[in-house]
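> Before I ask anything, here is the structure I am working with.
The values are calculated or read from the model by the stated rules, or taken from the named source; none is laboratory data. Quick caveat: nothing in here was measured; it's all calculated off a predicted structure. Note that we place each Cβ from the backbone using ideal geometry, even for glycine, and neighbour counts take in every protein chain shown. Ligands, DNA and RNA are stripped out before the accessible areas are found, and what is left, the full protein with its side chains, is counted by its heavy atoms. Shrake-Rupley method; radii C 1.70, N 1.55, O 1.52, S 1.80 Å.
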Amino acid sequence: MKNRLLYLTTSFFCGIFLWVLSYSLEAQNPGQHFRDIFERETSQKRQESQYANFRNVKQLSFFPDTLPLWFFQPPQSDHEKVYAIGISDPDLPPEEAFQQAFYRAMVLAVLYNSPRIEYFRDVFTSARDEEPQRAYRQRFDTYLRITASEVADSSQFWLIDNHLTRYNESIVLIGYTPKTERREETKISRISATASVLYIEAHIGDTYEPQASFDLASEIHTSGENPGKSEFNVTQKGTRKNTSSIHNGHKKTFPMFVYRYSNPSWEPFTRPLVSYHGLWGIFMPQLLEHITLTTEQTRLQIRALEEQSEPQIQNLIREVAAHDARISILGLEFNPNEILFETLLEEIR
């Protein structure tokens, strides 16, 4: 019995000694310990098992993609030239990505030049006496629509620069001259685009969850060719988002991923922009949201549509704005969760 007790005691202390020794060795070389974890967690084999939905990205990286400086400081548009940036979906073959990005850039150039902007916002407030106190309900429905249609030919658009991200997204910067003499030998196209925003905010007691939908639909009709069509939609409920991309009749799919982007002029260790739906998936809806907020600051017509008195109070106010305008992107910047746009919205009539 004494020998058995001695054996168990000796084994216990040997185990403690080996654990302490192992911990001590790791503490003496913590760098190697963390390097082992890093290699194990970020190895290509692990990436492929977790992100196997990538089809055209050959090597994934957790480092941010550094975008060119012209993305943040594009040339300034004027009455003779319009500049626009187009971005493709992630995980496309480079040539296909370039064509989609150039298509989107042309659509945005037309949408910037002389669009019709229509906006309304309904503010609904109600109050009802409920035990133990009065219950208030508020709802804000905001709708924005931007439409444009122009006839142009290929000679009016030109490529200035382009960039391919590590996620196989093409980013192109183009120029557009809306008013030029068209050449007889060039193909004439009609480019039509409609962008819309629906934003709903409902406050019922302590409950609040915003919902939104951002859409961009476009068509390019060229004589003698099948029309090019594109639709991109982002829906949001609370913090959850979903994207849908259809280009020339084909639904484009790409994996959710921690897409990271940085500015080359940043100081070291600046946190990158993070998007789980690619760069276009955050650029397009936040640009439309910015234009919506900018439109709210223009001349609005305000009407009271309905009012009631006690015992139940209801109030419905509608804000309306409609005008033709010119949109210029003066610059933009990233923070970890959003794109901050600086724009000029100029009413032209």
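> Does the range 135-152 contain at least one residue that is touching a Phe, Trp or Tyr at 6+ places or on another chain (Cβ under 9 Å), modelled with pLDDT of 95 or more and closer than 30 Å to LYS58 by Cβ?
For the range 135-152, residues touching a Phe, Trp or Tyr at 6+ places or on another chain (Cβ under 9 Å), modelled with pLDDT of 95 or more and closer than 30 Å to LYS58 by Cβ: absent.
> Determine, yes or no, whether ILE191 is over 26 Å from ASN337 (Cα atoms), touching a residue at least 40 places away in the same chain (Cβ under 8 Å), touching a Lys or Arg at 6+ places or on another chain (Cβ under 8 Å) and among the hydrophobic types (A, V, I, L, M, F, W, C).
So ILE191 fails the test.
> Does GLY278 satisfy the criteria of being modelled with pLDDT of 95 or more, of a type in the set (Gly, Ala, Ser) and either within 26 Å of GLU201 (Cα to Cα) or surrounded by 13 or more Cβ atoms within 10 Å (Cβ to Cβ) (or both)?
Spelling it out, GLY278 is indeed modelled with pLDDT of 95 or more, of a type in the set (Gly, Ala, Ser) and either within 26 Å of GLU201 (Cα to Cα) or surrounded by 13 or more Cβ atoms within 10 Å (Cβ to Cβ) (or both).
> A follow-up question, please. Filter the range 139-157 down to the residues that are of a type in the set (Asp, Glu) and either in contact with a helix residue (DSSP H, G or I) (Cβ under 7 Å, 6 or more places away or on another chain) or crowded, with 18+ Cβ neighbours inside 10 Å (or both) and list them by number.
Listed by number, the list holds a single entry, GLU150.
> Please verify whether LEU25 is open to solvent by 80 Å² or more (accessible area, probe 1.4 Å), farther than 30 Å from VAL172 by Cβ and either assigned to a helix (DSSP H, G or I) or at pLDDT 60 or above (or both), treating the condition exactly as stated.
Against the criterion (open to solvent by 80 Å² or more (accessible area, probe 1.4 Å), farther than 30 Å from VAL172 by Cβ and either assigned to a helix (DSSP H, G or I) or at pLDDT 60 or above (or both)), LEU25 qualifies.
> So the check is Cβ under 7 Å with 6+ separation or different chains; which pairs have a first residue in the range 154-166 that's under 17 Å from GLU95 (Cα atoms) and a second one that's open to solvent by less than 50 Å² (accessible area, probe 1.4 Å) and polar (S, T, N, Q)?
ASN162/SER170; LEU164/SER170; ARG166/SER61
> Looking at the range 63-76, can you tell me whether even one residue there is under 21 Å from LEU340 (Cβ atoms), part of a loop (DSSP other than H, G, I, E, B) and among the hydrophobic types (A, V, I, L, M, F, W, C)?
Yes: the range 63-76 contains one or more residues that are under 21 Å from LEU340 (Cβ atoms), part of a loop (DSSP other than H, G, I, E, B) and among the hydrophobic types (A, V, I, L, M, F, W, C).
> Then there's this: Let me spell it out: the conditions are (1) open to solvent by less than 10 Å² (accessible area, probe 1.4 Å); (2) in contact with a Gly (Cβ under 8 Å, 6 or more places away or on another chain), and LYS187 meets all of them except one. Which number is the exception?
(1)
> Sticking with this one: Would you tally the residues in the range 191-246 being of a type in the set (D, E, K, R) and over 30 Å from ASP153 (Cα atoms)?
The total comes to 6.
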